[in-house]
Amino acid sequence: MKIGLTVIAIAAVLLTACGKSGEAMHHSGTMASVADAAQAESVEAMFMLSSEQPQPNQDTTITVRIQDKDGNPIDEFDVQHEKQMHIIVVSKDLSFFNHIHPDYKGNGEFTVTTAFPTAGEYEIISDFAPAGKGAMNKSQWITIQGTAPEAQPIEPDAALIKEVDGKVVALSIDHLMANMELELNFNIKDAQTKQPIADLQPYLGTVGHVVILNKEGGEYLHVHPSDEHSSGPDAKFMTTFPHSGVYKIWGQFQQNGKVFTVPFVVNVP
Ligand SMILES: [Cu+2]
């Protein structure tokens, strides 16, 4: 009896090993090279959760083990944006977004403890660069137990202007079209005074961090600043949308020691 309980307590759920290939990831700028398809396919990510039946609002530890095709751990990683691995967690309807950084435990294993706000399906996307192989991402869908809330529609914004945490953020895009490098400009003002904010602090070493996912899933665009030392009011980034369709964009910036996240939805013709 006691043994059985112990086993349950330490049981980790081993999820299927296949991640998406990193070829859908598009980098601009000079910071990190992007893994080609063959390099990305030579790397596997195993995702494990600390609970077999993860519950909403319960601390859950995610372990990501990076290994080669033969199951040998890959244990050296290049640092990108100050971290060896970035994890993005999104709900299926993209209404929930979380950007977290696991600790490297050695032997190819990263862990982070987090919580999921509701029942339902979530995608865990890990973004990392095995030494010498370039940046790639692998992802895994998980299910949080219980009755999922109704999915929120992912509708393109009528106007690309949002108020969040006392800031008004306006997004402009120079040429919104697929398959062409373009610039995203986030212009940030104080919501009360309407004055431009010029004292942004570096977040992950640059003016900000932008994540872009497509509505259907499967495309993860990790975007780079074109002027990484800006402190506002403009934060500019380069990316390429690989296909036409609906994409959600999250910009993350820091002021007064606090990170704020502003989401937009665009329809790329
Ligand atoms: Cu990150």
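Filtering segment 88-98 to residues that are touching a Phe, Trp or Tyr at 6+ places or on another chain (Cβ under 8 Å) and either open to solvent by 40 Å² or more (accessible area, probe 1.4 Å) or within 10 Å of the ligand (Cβ to nearest atom) (or both) leaves 88, 92, 96. Number of residues in segment 243-269 that are open to solvent by 40 Å² or more (accessible area, probe 1.4 Å) and part of a strand (DSSP E or B): the value is 5. Of the strands (runs of 3 or more DSSP E) that lie entirely inside segment 45-112, those containing 2 or more residues that are of a type in the set (S, T, N, Q) and over 14 Å from the mean Cα position of the chain (by Cα) span 60-68. Of the residues making up segment 199-214, not a single one is surrounded by fewer than 17 Cβ atoms within 10 Å (Cβ to Cβ) and in contact with a helix residue (DSSP H, G or I) (Cβ under 9 Å, 6 or more places away or on another chain). Within segment 121-142, the set of residues being open to solvent by 10 Å² or more (accessible area, probe 1.4 Å) and either of a type in the set (A, V, I, L, M, F, W, C) or out of contact with any Gly (no Cβ under 7 Å at 6 or more places or on another chain) (or both) comprises 121, 131, 132, 133, 141. Checked against the criterion of being open to solvent by 60 Å² or more (accessible area, probe 1.4 Å), modelled with pLDDT of 95 or more and either of a type in the set (A, V, I, L, M) or touching a His at 6+ places or on another chain (Cβ under 8 Å) (or both), the candidates 191, 158, 235 yield just one match: 158. So which residues in segment 99-116 are open to solvent by 40 Å² or more (accessible area, probe 1.4 Å) and under 22 Å from residue 212 (Cβ atoms)? 101 - this is the single residue of segment 99-116 that is open to solvent by 40 Å² or more (accessible area, probe 1.4 Å) and under 22 Å from residue 212 (Cβ atoms).
Applying the criterion of being surrounded by fewer than 19 Cβ atoms within 10 Å (Cβ to Cβ) and over 27 Å from residue 252 (Cα atoms) to the residues of segment 68-87, the residue that is farthest from the ligand (Cβ to nearest atom) is 70. Across segment 128-137, the number of residues qualifying as touching a helix residue (DSSP H, G or I) at 6+ places or on another chain (Cβ under 9 Å) and either in a strand (DSSP E or B) or within 12 Å of the ligand (Cβ to nearest atom) (or both) comes to 4. Considered as a group, the residues in segment 158-217 that are of a type in the set (Asp, Glu) and touching a residue at least 60 places away in the same chain (Cβ under 8 Å) include one that is nearest to residue 249 (Cα to Cα), and that residue is 181. Name the single residue, out of those in segment 215-228 being surrounded by 14 or more Cβ atoms within 10 Å (Cβ to Cβ) and closer than 26 Å to residue 93 by Cβ, that is farthest from the ligand (Cβ to nearest atom). Checked segment 215-228; the qualifying residue farthest from the ligand (Cβ to nearest atom) is 215.
The values are calculated or read from the model by the stated rules, or taken from the named source; none is laboratory data. All figures in this text were calculated on a predicted structure; none of them were measured in a lab. Counting neighbours? That spans all protein chains shown, and the Cβs are built from the backbone with ideal geometry, glycine included. With ligands, DNA and RNA removed, areas are computed over all heavy atoms of the protein, side chains included. Shrake-Rupley method; radii C 1.70, N 1.55, O 1.52, S 1.80 Å.
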